[in-house]
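Accompanying notes for the structure given below.
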Amino acid sequence: MSAYPLPRGANFRRAKTLWELALDVAGNPANPYGGDRDVCITVGNGSGAQFRPKLRMATGSPILAHEVAAGGLEMAFVNPSAFLTQAYRGVASSKRGCPCA
């Protein structure tokens, strides 16, 4: 149960259903670690012929920091310990270098 009540309206109930379906797909134990286990939530306007995203948020690896910097996402929720491990080991998550260094 959420700490906040679900806003009123059928659209929010549909959004909650999509959220629960996404968690079910991403949480499938048959998906290998490193497979399709992350979730992206997009808030925007779908009232026209095309969906217009306003805010895109995703979970995933620390490499998503590059996607945020490039403008592909507005927010990424990642485990920061991977950056610390990379810095400690002196390795980088990409060819551009470790973003924590």
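Name the residue that is modelled with the highest pLDDT, counting only residues in segment 21-56 that are acidic (D, E) and under 26 Å from V68 (Cβ atoms). In this case the residue turns out to be D38. A search for C-beta distances below 6 Å between a residue of segment 50-68 that is assigned to a strand (DSSP E or B) and any residue that is among the polar types (S, T, N, Q), counting only pairs 6+ apart in sequence or on different chains, returns R52/N45; P53/T42; R56/T42. Sub-6 Å Cβ pairs linking a first residue in segment 27-48 that is at negative phi and without any contact (Cβ under 8 Å) to a residue 60 or more places away in the chain to a second residue that is assigned to a loop (DSSP other than H, G, I, E, B) and charged (D, E, K, R), at least 6 apart or interchain, are N31/R37, ordered by first then second residue.
The values are calculated or read from the model by the stated rules, or taken from the named source; none is laboratory data. All of these numbers come straight from a predicted model, not from anything done at the bench. No Cβ is skipped: glycine too gets one built from the backbone with ideal geometry, and neighbour counts run over all protein chains shown.
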